[in-house]
Amino acid sequence: MIYDVIIIGSGPAGLSAAIYAQRAELTNLVIEKTGISGGQIINTYEVDNYPGTPGISGFDLSTKFREHCDKLGTTFITGEVVEFKLENDIKVITLDDGTRYEARTVIIASGGRPRHLEVPGEDKFSGLGLSYCATCDGAFFKNKTVAVVGGGDVAVEDAIFLSRISDKVYVIHRRDEFRAIKSSVNKLLANDNVTVLWDSVVESINGRETVETLDIKNVKTGESTNLEVSGIFIAVGYIPNSQIYKNIVATDDHGYIIAGENTETNVPGIFAAGDIRTKDLRQIITAASDGANAITAVERYMNNN
């Protein structure tokens, strides 16, 4: 079978695209790597900026997205894309189990993965006091001292979440102001058990069997300090999951697939939606918007080809 559209990824962009594809009566298939829909938002403790759902958890919101798709009859399969190629106008996708799928169009909505600090001790202590997901692992650090590294929305949200269960939260940020939205920053700074270490970076993560201390350096003064913590949560951005597509579509210097608001890439019939594409704002609402725009672009492509 040759599908009208195959959607790779089932975060907000992929799920939104699936809903619009079903309503447009396009034959479609959603490929998700883990078998769990939602992408990064399933790890978000509280979503307070998606219209109509104030205070909803990321897991609950993603569940609603998936239930909408299921109600419309969307077909999901689990697998990792290991090969992507073009055969004339047909897009051919091969999964890790060797299964091959063909489509007239493809929407790449495979998101990204957490960026690492690349410092000594990071690999050693992953899962042993070091985590990239506060809502996943924060409960293990109840009444303990922890550190969050980063200054964007995710880092600030993680620190707020941890401040509710941990005795002390250090926020380590290499700049002198946060990049996160003001309302979240104000909420963070209102917590008495939160201390922000401005202009600072982690130089090493230390311990015997688990994380015990961090070596911190002030980038302005050059002063180094040793910080005692039981855990460290790293939230310094994401790397787009675009490696397998780089030989097919154009990407920028950071690996994001170059595509505008219409989600069209430089290759006809291939579209990029959500966090994987070049854009100014990466939020749930913009990802969902991308999904809708992508299906509109798919229909336009198919009508002209």
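The values are calculated or read from the model by the stated rules, or taken from the named source; none is laboratory data. Keep in mind that what you see is a predicted model, and the values were worked out from it rather than measured. All Cβ positions, even for glycine, are placed from backbone atoms using ideal geometry, and neighbour counts span all protein chains on display.
Miscellaneous remarks
- Qualifying residue in the range 35-49 (condition: crowded, with 18+ Cβ neighbours inside 10 Å and at pLDDT 95 or above): no
- Taken together, the criteria exclude ILE181 from residues that are β-branched (Val, Ile, Thr) and either surrounded by 18 or more Cβ atoms within 10 Å (Cβ to Cβ) or over 23 Å from the mean Cα position of the chain (by Cα) (or both).
- Among strands (runs of 3 or more DSSP E) entirely within the range 50-127, having at least 2 residues that are without any contact (Cβ under 8 Å) to a residue 12 or more places away in the chain singles out no element at all.
- Residue within the range 162-177 that is surrounded by 19 or more Cβ atoms within 10 Å (Cβ to Cβ), in the same structural domain as VAL201 (by TED's automatic domain parsing), over 19 Å from LEU227 (Cβ atoms) and not small (Gly, Ala, Ser) present: no
- Odd one out for GLY260, checked against (1) on the phi > 0 side of the Ramachandran plot; (2) of a type in the set (Gly, Ala, Ser); (3) without any contact (Cβ under 8 Å) to a residue 24 or more places away in the chain: (1)
- Inside the range 221-255, residues that are without any contact (Cβ under 8 Å) to a residue 24 or more places away in the chain and surrounded by fewer than 20 Cβ atoms within 10 Å (Cβ to Cβ) make up a count of 13.
- Qualifying residue in the range 16-34 (condition: of a type in the set (Gly, Ala, Ser) and on the phi > 0 side of the Ramachandran plot): no
- Leading residue by the ranking (surrounded by the most Cβ atoms within 10 Å (Cβ to Cβ)) among those in the range 118-149 that are under 21 Å from GLY58 (Cβ atoms) and of a type in the set (Val, Ile, Thr): VAL148
- Considering the range 134-226, the qualifying strands (runs of 3 or more DSSP E), each wholly inside and each with 2 or more residues that are in contact with a helix residue (DSSP H, G or I) (Cβ under 8 Å, 6 or more places away or on another chain) and of a type outside the set (Lys, Arg), run over 145-149, 168-172, 194-197.
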